[in-house]
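Q: Please see the structure below; I have some questions.
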Amino acid sequence: MAQSALNPETSKYVLETKDLGIYYGDFRAVTGVNIPIERHKITAIIGPSGCGKSTLLRAFNRMNELSPGTRIEGEIRFEGENLYDPSVDPVEVRYRIGMVFQKPNPFPKSIYENIAWGARIHGFKGKMDELVESCLRQAALWDEVKDKLQQSGLALSGGQQQRLCIARALAVQPEVILMDEPASALDPIATLKIEELMQELKKNYTIVIVTHNMQQAARASDHTAMMMLVEDSKRSGTVIEFDKTNTIFTNPKDKRTEGYVTGRYG
Amino acid sequence: MLRKTFESEIKQVKDDVLMLGSMVEQAVINSVDSLKKRDIKASEKIFEGDMLINKKRFEIENTLMVLIATQQPMAHDLRLLASCMEIISELERMGDYAKGIANINIRMGDTSLLKPLIDVPRMAQIGADMLHRSLTAFVNEDVETAKKIPIEDDEVDALYNQIYRELMTFIIADPKTIERANWLLWVAHNLERFADRVTNICERTVFIATGEMTEIKSTDDEFWKQQHQEK
């Protein structure tokens, strides 16, 4: 691996945004976001539809750049370094900051290959069987699939597919895992499994999760960022309140957060 | 296991309730012991202890609020967390009874006890013991035990009545003893109330385990009912 511009640090915050704005062409989707993402914690981003939650999440691993005309203003610092510095390789960013999507999207390959493939591409030279087992164990999937590793990943249930996608993200040893509505396509039991898994994963990783499901944010996260459209003609989203999840759900400071979490607004 | 984190948080709350209970148990025993020895310093310590009891109660209350808000407890979990809210409030009040007894010892100053304390420490011992076992029943959700403990309240009531009658004879014999008799009557009254509240804890345990919100009858209630029906 080439020398990285992103040096690991041991500061409390893995990611930090400074007056972050995100544009799709001339349209400013997100404006003025200043939030810290604490190491080994789960940070949830909540808010009504269209307020820029997923846009903000995708900015954390430069996924937005895959759509033409996207740019940011302000800064995102990852391990103290500017994530958008020209010297930073977006590909490196995307495996150090992995992502899991709303709809489980395993590769149309075997369970084994779903995990091995990414690792191989990233130049993994160790024992592949061990890596596959370790990732599947971390994703709480090993016991369910250990006897059918050569079967297609697509043959698994929705909840299992999602955990396979999490295992796949782990295979390239990321520091941060971004989750965009990871449980919205799953039934309540599979949802709880993912949430429990997140509690295990945060011991080794930092997690940022976007969720429509307020109860999920309440149950599973340590910090919560409440996003909402700002009241101007440009309809741009921003973080109106950021605090410990316990505080957001028992004693929020902003009236709009109170309205949203009590189901009276938004 | 599904919801392992929530399970461990629930266990922690139960442990905290037990901890609060043992603080209260110790406080009531110490309060009577200090009075018996007329040890003012020890009574002042009960006041300090009571501040810790109140603090602990608020901490647990806050944890319960957060768990209810964030974990959306249902069915048994909901009954448990809601009942813990009740139980810690009972415990905090029981701590106040111990503080009340400490207060009496302090306010008595140089006044000597009207009589050596025999039944009062027995009341405290029975009450503390009932409390201890009621909390064990709570943790184990042991309905059978929870239903039995309140019966022992009759013994505490009997001691209270005995103390009452005894103090009345002192007062009748020598009205100058009114104040000193009154101190002790208050102590006994606090201990009688202390044991009553154990019944409330037991009722919550039955509720947690079965979902039934019933009052566990004591002889007192039966007596009142009889009197009422006769009229």
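Q: Mind checking which aspartates and glutamates have their C-alpha under 20 Å from A:Lys148, skipping anything on the same chain fewer than 8 residues away?
A: Candidates past the 8-residue exclusion: A:Glu113, A:Asp129, A:Glu130, A:Glu133.
Q: Can you pull the mean other chain C-beta count within 10 Å for peptide A:209-221?
A: 2
Q: For A:Lys12, go through the lysines and keep the ones whose alpha-carbon is under 20 Å away, minus same-chain ones fewer than eight residues off.
A: Reachable lysines: A:Lys41, A:Lys202, A:Lys203, A:Lys244.
Q: Compare the peptides A:169-175, A:130-136, B:158-164 by average per-residue count of other Cβ atoms within 10 angstrom and give them in order, highest first.
A: For the peptides A:169-175, A:130-136, B:158-164, the packing ranking is A:169-175, A:130-136, B:158-164.
Q: Let me ask something else about it. With +1 on each Lys and Arg Cβ and -1 on each Asp and Glu Cβ, and nothing else charged, work out how big the dipole of the protein assembly as shown is about its Cα centre, in Debye to the nearest 20.
A: In debye, rounded to 20, the protein assembly as shown gives about 1120.
Q: Hey, another quick one. Could you compute the FRET efficiency for A:Arg137 and A:Tyr24, with r as their C-beta to C-beta distance and R0 at 41 Å, rounded to 0.05?
A: Using R0 = 41 Å, I get an efficiency of 0.55.
Q: For chain A, what's the relative contact order in percent, using C-alpha pairs closer than 8 Å and at least 6 residues apart?
A: Relative contact order of chain A: 26 percent.
Q: According to the Cα gyration tensor, what semi-axes, each the square root of 5 times an eigenvalue, does the equivalent ellipsoid of region A:130-192 have, listed from largest to smallest in whole Å?
A: Ellipsoid semi-axes (Å, largest first): 18, 16, 9.
Q: With angles folded into 0 to 90 degrees, how steeply does helix A:188-201 sit against the dominant principal axis of chain A? Use alpha carbons for both and round to 10.
A: Once rounded, one gets 90 degrees.
Q: Report the residues of region A:245-266 in range of a label on A:Glu231: point 7 Å along Cα→C-beta, backbone N strictly under 16 Å from it.
A: Zone members listed by number: A:254-260, A:265-266.
Q: To test your reading of the geometry: what angle, between 0 and 90 degrees and rounded to tens, separates the Cα axis of helix A:158-170 from the longest principal axis of chain A?
A: Approximately 90 degrees, to the nearest ten.
Q: Helix B:75-108 versus the longest principal axis of chain B: what is the Cα-based angle in degrees, 0 to 90, to the nearest 10?
A: Result, in degrees: 20.
Q: Cross-link candidates for B:Lys115: which aspartates and glutamates have Cα within less than 12 Å, leaving aside residues fewer than 8 places away along the same chain?
A: Those aspartates and glutamates meeting the cut-off are B:Glu166.
Q: Count the DSSP beta bridges whose two residues both fall in the protein assembly as shown, then state the antiparallel fraction as a percent rounded to the nearest 5.
A: If we restrict to bridges inside the protein assembly as shown, about 60 percent are antiparallel.
Q: Additional query: If you take the beta carbon distance between A:Asp254 and B:Ile172 as r and set R0 to 60 Å, what does 1/(1 + (r/R0)^6) give as a FRET efficiency, to the nearest 0.05?
A: Given R0 = 60 Å and the Cβ-Cβ separation, E is 0.35.
Q: Now for a different question. How high is the FRET efficiency from B:Gln162 to B:Lys225, r the C-beta distance, R0 22 Å, rounded to 0.05?
A: 0.40
Q: Below 8 Å, C-alpha to C-alpha, sequence gap of six or more: please give me the relative contact order for region B:4-230 in percent.
A: Answer for region B:4-230 is 26 percent.
Read-outs: derived from the displayed coordinates by stated rules, not from any lab. Bear in mind that the values here come from a model prediction, so they are computed numbers and not experimental data. In this analysis, Cβ positions are derived from the backbone assuming ideal geometry, glycine residues included, and neighbour counts consider all displayed protein chains.
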